[in-house]
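The values are calculated or read from the model by the stated rules, or taken from the named source; none is laboratory data. The shown structure was predicted, so the numbers you read here are calculated from the model rather than taken from an experiment. So basically every Cβ, Gly included, is an ideal-geometry build from the backbone, and we count neighbours across all protein chains shown.
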Amino acid sequence: MHTLRRREFWLGALVIGAAFVVYWLSNRQYDAGRGDLFYLADAFLHGRTWIEVVLGPFDVIYGPDNRIYVPFAPFPAIVLAPIVALVGPVSADQLEPAINAALAAAVAGLAWWVAGRIGVRRTTDRLALVVLLGFSTQVWWVTTRGGVWHTGHLVATILSLLLIAELFGRRRALLLGLLVGAGFLTRAPVAFAAPAVALWLIDDWDAVAGQGRALATRVAALPWRSWVLFGIGLVPALTFFLWYNVARFDTPWESGYMLATLPEWLANQRARGLFSLVHVPMNLDYLFLHAPTLTRDVPYFRPDGLGMSVLLTSPALLLAARAPWADRRSWMLALAAALVLVPTLLYYGGGWFQYGYRYFLDSIPFVWALVALGMVRRRPLEWWGWALIGWGVLVGLGGVYWAYNL
């Protein structure tokens, strides 16, 4: 057992190192020019909620007294604060390609570890899951493009993987609450996974749902203590969120997204509602139907930056259908993925500028975990599963090209 664990450790380290090299080679020459999170981290370190530099014409909030605010969720800036404290915001901004490559490599390393936690034992299957998440989804694209919009995706993916690892591990309710809260302060839709997490904490489903039992008995069988601890874990993030809004805009209910500067066409979208049913057809199109234009020049297709069907970019996620649906955990993972997708489909932004549909990244870790569960219960991944993953990698490689050429 000791030899096996040591082998897994060194393979995981190799995965992280190899992934970092690929990500860094992909993004090292691209300057997103939007290191807002580094300047926000510096602001926090100096007791401010505003930054002192304007990094672009859009996605900026101009507050009273000529203060500049960042509209994006603040937890990634807290994560980056130690780096900023060491080298300063300007140097950290210049190091952003390497920092994002490291975050994405952490995603790959966690995919290796979490796959083992879920129960995937075959080395080839675990490597397949690493490649699927790290290079056959929009993780590769957001790492290559960088910038304030995309770093948050990487941090949120890390938090979701840690959440899944804990769900398949000790299920410590307080820690689960802290992770969901941190996810909320990183990518708000992640918080919608909370009901699925709460259901996961139920130990005795027969006592809770069993027919013929008295209602009082069924209610008593619910994990009230765990739910209370889970709720306590959410409190720090919710408290910080409300305080942060009051500190910036004198109201706990204004997050800043309604105040950010936008290009005219996006401002017109937002005017129809920050979240609204009117945006659902657009987002469904970007998620499932939108296709690139075919061309005569290499690489023979051209995306428009609005979106691209997940069936084209990440068809291997369909392997989630192989999950053991007799296992309640499969349904809870599917529920988490669906609930996280709800605010995404209602949102005005559509994900622009993007290659694929990057907002779906908030749901992908839960879909990916379903793929892993399917690998636990079935034979080694068939050739067609590898082919689906390989197709996604080829499309992802095209994303590296278009990151520099769109």
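Filtering region 174-202 down to residues that are among the small types (Gly, Ala, Ser) and within 13 Å of the chain's Cα centre (by Cα), which residue is nearest to ALA338 (Cα to Cα)? Spell out the reasoning first.
Residues of region 174-202 among the small types (Gly, Ala, Ser): 177, 181-183, 188, 191, 193-194, 196, 198.
This time we only want the ones that are within 13 Å of the chain's Cα centre (by Cα), so: 182-183, 188, 191, 193.
Numbers: ALA182: 20, GLY183: 16, ALA188: 14, ALA191: 12, ALA193: 9 Å.
Among those that are among the small types (Gly, Ala, Ser) and within 13 Å of the chain's Cα centre (by Cα), it is ALA193.
Rundown of residues vs (1) closer than 14 Å to ALA372 by Cβ; (2) under 15 Å from the mean Cα position of the chain (by Cα), yes/no style:
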{"residue": "LEU103", "(1), (2)": "no, yes"}
{"residue": "TRP112", "(1), (2)": "yes, no"}
{"residue": "ARG121", "(1), (2)": "yes, no"}
{"residue": "ALA128", "(1), (2)": "yes, no"}
{"residue": "LEU132", "(1), (2)": "yes, yes"}
{"residue": "ARG145", "(1), (2)": "no, no"}
{"residue": "GLY152", "(1), (2)": "no, yes"}
{"residue": "THR157", "(1), (2)": "no, yes"}
{"residue": "LEU162", "(1), (2)": "no, yes"}
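Restricting region 189-214 to residues that are of a type outside the set (S, T, N, Q) and not in a helix (DSSP H, G or I) leaves a set whose member that is surrounded by the fewest Cβ atoms within 10 Å (Cβ to Cβ) is GLY212. Kindly establish whether PRO97 is crowded, with 20+ Cβ neighbours inside 10 Å, touching a residue at least 24 places away in the same chain (Cβ under 8 Å) and over 21 Å from GLY392 (Cα atoms). Yes; evaluated as a whole, the condition is true for this residue.
Applying a threshold of 6 Å to beta carbon distances and a minimum spacing of six or more residues, or different chains, the list of pairs starting in region 57-72 at a residue that is among the small types (Gly, Ala, Ser) and ending at one that is buried (at least 19 other Cβ atoms within 10 Å of the Cβ) reads GLY63/TYR69. Taking the listed residues THR217, THR251, THR239, THR186, the one that is free of Cβ contacts under 8 Å to residues at least 12 places away in the same chain and in a loop (DSSP other than H, G, I, E, B) is THR251, with no other qualifying. Return yes when SER276 is at pLDDT below 95 and more than 25 Å from TRP331 (Cα to Cα) and no when it is not. Answer is no for this residue.
Under 30 Å from LEU199 (Cα atoms), surrounded by fewer than 17 Cβ atoms within 10 Å (Cβ to Cβ), of a type in the set (S, T, N, Q) and out of contact with any Lys or Arg (no Cβ under 8 Å at 6 or more places or on another chain): is that true of SER276 in this structure? It is true that SER276 is under 30 Å from LEU199 (Cα atoms), surrounded by fewer than 17 Cβ atoms within 10 Å (Cβ to Cβ), of a type in the set (S, T, N, Q) and out of contact with any Lys or Arg (no Cβ under 8 Å at 6 or more places or on another chain).
Identify the residue in region 283-320 that is assigned to a helix (DSSP H, G or I), without any contact (Cβ under 8 Å) to a residue 60 or more places away in the chain and hydrophobic (A, V, I, L, M, F, W, C) and, among all such residues, is farthest from LEU129 (Cα to Cα). Please lay out each step first, then the result.
Pass one, region 283-320, residues assigned to a helix (DSSP H, G or I): 283-289, 310-313, 315-320.
With the extra rule that they be without any contact (Cβ under 8 Å) to a residue 60 or more places away in the chain, the set shrinks to 285, 288-289, 310-311, 320.
Filter again for hydrophobic (A, V, I, L, M, F, W, C), leaving 288-289, 310-311, 320.
Numbers: PHE288: 22, LEU289: 25, VAL310: 17, LEU311: 17, ALA320: 12 Å.
It comes out as LEU289.
Among the residues of region 328-382, just one is under 23 Å from LEU262 (Cβ atoms), over 17 Å from the mean Cα position of the chain (by Cα) and in a loop (DSSP other than H, G, I, E, B), namely TYR348.
Assess whether LEU394 counts as being out of contact with any helix residue (DSSP H, G or I) (no Cβ under 8 Å at 6 or more places or on another chain), modelled with pLDDT of 95 or more and not polar (S, T, N, Q).
Working: out of contact with any helix residue (DSSP H, G or I) (no Cβ under 8 Å at 6 or more places or on another chain): yes; modelled with pLDDT of 95 or more: yes; not polar (S, T, N, Q): yes.
The answer is yes for LEU394.
Residues that are at pLDDT 95 or above and either in contact with a strand residue (DSSP E or B) (Cβ under 6 Å, 6 or more places away or on another chain) or closer than 16 Å to HIS153 by Cβ (or both): find the helices (runs of 4 or more DSSP H) completely inside region 18-129 holding 3 or more of those. If you could, list the steps in order and put the result at the bottom.
Working: elements: 36-45, 75-87, 89-94, 96-118.
Correct list: 36-45, 75-87, 96-118.
Against the criterion of being surrounded by 20 or more Cβ atoms within 10 Å (Cβ to Cβ) and under 29 Å from LEU25 (Cα atoms), TRP383 does not qualify.
Here ARG145, ARG121 are screened, and the one residue that is of a type in the set (Lys, Arg) and surrounded by fewer than 23 Cβ atoms within 10 Å (Cβ to Cβ) is ARG121.
Do the conditions hold for PRO189, that is, is it in contact with a Gly (Cβ under 9 Å, 6 or more places away or on another chain) and either more than 30 Å from LEU103 (Cα to Cα) or not aromatic (Phe, Trp, Tyr) (or both)? Steps first, answer last, please.
Working: in contact with a Gly (Cβ under 9 Å, 6 or more places away or on another chain): yes; either more than 30 Å from LEU103 (Cα to Cα) or not aromatic (Phe, Trp, Tyr) (or both): yes.
Yes; evaluated as a whole, the condition is true for this residue.
Could you look through region 152-177, keep only residues that are of a type outside the set (A, V, I, L, M) and assigned to a helix (DSSP H, G or I), and pick out the one that is nearest to PRO236 (Cα to Cα)? Within region 152-177, the match that is nearest to PRO236 (Cα to Cα) is GLY177.
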